[in-house]
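Every read-out reported here was derived from the displayed coordinates using simple, explicitly stated rules and does not represent laboratory data. Everything numeric in this text was worked out from a predicted model, so none of it was measured. Because the Cβ atoms are built from the backbone with ideal geometry, glycine has one as well, and the counts that use them run over all protein chains shown.
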Amino acid sequence: MENTRLIVIRILNTIGFLIGILIGLRIILRFFGASSSAPFVSWLYSVSEGLIIPFRGIFNDINLQGNSVLDISAIVAAVAYIILISITISIINSITRPARPDHAHV
C-alpha cells in the first residue's frame, strides 16, 4: 500500500510539474508578446488553452505595451492547479499513511 501511495503522489507531482511548465511558458510568452504565428508558440497556446478555459472570464487579462499581455487567467489557473494538487496529495497522505504507534510514556 505504501508503494502505491508513493507512486500516485509521484504521478500527481509529475502532472503538476508538466502543467506548471505549460502554463508558465504561456505566461512568459504572452508577457513578452511572442508571435502566435510561430509554430512552437501556436502549439503551446493551443495545448495550454485547455488548462486555462475553466478560469477564463474570472478576471480580465491586462494588455500592456504592444503585443504584451499579462495573462491573469493563466496565473489564476496555475495557482488553482497548485492548490488542487496539494490538497489531493494531503488527502491521499491522510487516508493512506500508516498510523504512528503511540509512544509509551515512562
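Spacing of the modelled spin labels on E49 and S86, each 7 Å from Cα toward Cβ, amounts to 3.1 nm. 3J(HN,Hα) along the range 39-53: x, 5, 5, 4, 4, 4, 4, 6, 5, 6, 4, x, 7, 8, 3 Hz, from the Karplus curve 6.51 cos²θ - 1.76 cosθ + 1.60 with θ = phi - 60°, whole Hz, x for Gly and Pro.
Sequence gap at least 6, Cα distance under 8 Å: using those rules, report the relative contact order of the range 2-95 to the nearest whole percent. Mind dumping the intermediate values first?
On the way: 83 pairs, mean separation 32.8, N = 94.
Here the relative contact order equals 35 percent.
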